[in-house]
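The values are calculated or read from the model by the stated rules, or taken from the named source; none is laboratory data. It should be emphasised that the depicted structure is a prediction, and the values quoted were computed from it without experimental measurement. Quick reminder, even Gly has a Cβ in these numbers, built from the backbone with ideal geometry, and neighbours come from all protein chains shown.
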Amino acid sequence: MEMQLNKKNAQEPMIRIEHLYKTFRSGAAGVRALVDVSLEIEKGSIFGIIGFSGAGKSTLVRCLNLLERPTSGKVFVGGKELTAMKESEVRKSRKKISMIFQLFNLMKSRTVLGNVLFPLRGSSLSLSQRRSKAIELLKIVGLEEKLNAYPSELSGGQKQRVAIARALASDPEVLLCDEATSALDPQTTQDILSLIKDLNRKLGITVIVITHEMAVVKQICDSVAVMENGSVVEKGDIYTVFSNPQMPITRRFIGTTDGVERVKGQIDDIISPLGLSKGDTVVELSFHGSASGHALVSNLSRKFDIDISIIYGNIEMLDGKPLGKMITVFRGKDESIRSALSSIDGESIFAEVMYHAE
């Protein structure tokens, strides 16, 4: 058993990036799009790369399949170094790396079936085999009834499903999704993300999601890298990053999916109707793992003889584990409130004083 475990732990990641730099030249000057990026992406995982516009995430994804040659550094896919290959070798390896885009990139003059058949045109399969494979892929994405339709006759979500079927035609090991849901409405986004997650589970394909939306990362990804100014500033599994973000930009991203953060932004408007008395303290409580927010409130109230009111609370399951935040009001003697706050361990439970009534 131990030997098997060691073998598994030693498994080569599907993608390994080592000290990647990319500088775009503009006359005598240069723009550094990537700065010392190093990442490992496990086989069969869904990995998110998130950043605001200009962070370097799209340049990074284009360097993964060498559509852009990095200025320096190494890219390994499936244990093979793409950056050491000749262009002809790269083209061969690139067939195992498919990509879907924000604007679908379908050929308007071809039918749905024709679009999915296009990547198969140079394969060893017969025409009937290619057609059967394309129809099967359209069934997988739920569009077999649209095989004779043209892209102009499809909704945005249907176009993206065709793009996914086309991307799967070459039997890729890696699927790159570059802002693949940014042009879609919220419900269609949910549907496409669910489809990608289902394909990842059924086919074992490694998925890399490039996005500026933390809600996408939260729904679909196992791990995430946060980019800023061409560098990866934070990375880790989803639960760790969401429960204990280290960088200000990561906290900003998480705040876009967090109701507590929205409440905090309106705290000045909220305080007045609360009718706070001198000494009342507004506290944000964050908890994760085995910690329970309601049990914490009950225990603190009883142990330190204080009243705790919950203004706002949110608990969700992330990666199968609870993650929650509450905004509360502590009422009681100043010494008791200080003692209660000091007793919070700062490991699975965190407390932040937002306001103290004078």
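Table: residues versus (1) in contact with a strand residue (DSSP E or B) (Cβ under 6 Å, 6 or more places away or on another chain); (2) in the same structural domain as Glu213 (by TED's automatic domain parsing); (3) β-branched (Val, Ile, Thr).
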{"residue": "Lys22", "(1), (2), (3)": "yes, yes, no"}
{"residue": "Arg32", "(1), (2), (3)": "yes, yes, no"}
{"residue": "Thr59", "(1), (2), (3)": "yes, yes, yes"}
{"residue": "Glu68", "(1), (2), (3)": "no, yes, no"}
{"residue": "Gly73", "(1), (2), (3)": "yes, yes, no"}
{"residue": "Met107", "(1), (2), (3)": "no, yes, no"}
{"residue": "Val116", "(1), (2), (3)": "no, yes, yes"}
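Quick grid of which residues meet (1) crowded, with 18+ Cβ neighbours inside 10 Å; (2) modelled with pLDDT under 85; (3) among the charged types (D, E, K, R):
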site	(1), (2), (3)
Ser277	no, yes, no
Gly289	no, yes, no
Asn314	no, yes, no
Gly324	yes, yes, no
Ile337	yes, no, no
Ser348	no, yes, no
Glu358	no, yes, yes
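Hey, any hits in the stretch 295-306 for a residue that's in contact (Cβ under 8 Å) with a residue 12 or more places away in the chain, among the aromatic types (Phe, Trp, Tyr) and closer than 30 Å to Cys221 by Cβ? If you could, list the steps in order and put the result at the bottom.
So in the stretch 295-306, the residues in contact (Cβ under 8 Å) with a residue 12 or more places away in the chain come out as 296-297, 300, 303-306.
Adding the requirement that they be among the aromatic types (Phe, Trp, Tyr) leaves 304.
Subsequent filtering for residues that are closer than 30 Å to Cys221 by Cβ retains none.
Checking the stretch 295-306: not a single residue is in contact (Cβ under 8 Å) with a residue 12 or more places away in the chain, among the aromatic types (Phe, Trp, Tyr) and closer than 30 Å to Cys221 by Cβ.
Going by the structure shown, is Val217 buried (at least 18 other Cβ atoms within 10 Å of the Cβ), among the aliphatic types (A, V, I, L, M), out of contact with any Asp or Glu (no Cβ under 9 Å at 6 or more places or on another chain) and not assigned by TED's automatic domain parsing to the domain that holds Pro322?
Values: buried (at least 18 other Cβ atoms within 10 Å of the Cβ): yes; among the aliphatic types (A, V, I, L, M): yes; out of contact with any Asp or Glu (no Cβ under 9 Å at 6 or more places or on another chain): yes; not assigned by TED's automatic domain parsing to the domain that holds Pro322: yes.
Against the criterion (buried (at least 18 other Cβ atoms within 10 Å of the Cβ), among the aliphatic types (A, V, I, L, M), out of contact with any Asp or Glu (no Cβ under 9 Å at 6 or more places or on another chain) and not assigned by TED's automatic domain parsing to the domain that holds Pro322), Val217 qualifies.
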Restricting the search to the stretch 162-212, which residues are small (Gly, Ala, Ser) and part of a helix (DSSP H, G or I)? Ala163, Ala165, Ala167, Ser194
Regarding the stretch 205-214, can at least one residue be identified that is in contact with a Lys or Arg (Cβ under 6 Å, 6 or more places away or on another chain) and under 23 Å from Phe52 (Cα atoms)? yes
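Are there any strands (runs of 3 or more DSSP E) wholly within the stretch 1-115 with 3 or more residues that are more than 29 Å from Ala215 (Cα to Cα), and if so which?
15-26, 29-41, 72-77
Scan the stretch 167-199 for residues that are in contact with a Gly (Cβ under 7 Å, 6 or more places away or on another chain) and within 29 Å of Lys92 (Cα to Cα) and jot them down.
If we filter the stretch 167-199 for residues that are in contact with a Gly (Cβ under 7 Å, 6 or more places away or on another chain), which is where we start, we get 173, 183-184, 188, 191-192.
Answer for the stretch 167-199, where residues must be in contact with a Gly (Cβ under 7 Å, 6 or more places away or on another chain) and within 29 Å of Lys92 (Cα to Cα): Glu173, Ile192.
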Among the residues of the stretch 222-242, which ones are modelled with pLDDT under 95 and hydrophobic (A, V, I, L, M, F, W, C)? Ile238, Val241, Phe242
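Any idea which of Val61, Val77 is under 20 Å from Glu228 (Cα atoms) and out of contact with any Phe, Trp or Tyr (no Cβ under 9 Å at 6 or more places or on another chain)?
Values: Val77 fails: under 20 Å from Glu228 (Cα atoms).
On inspection, the qualifying residue turns out to be Val61.
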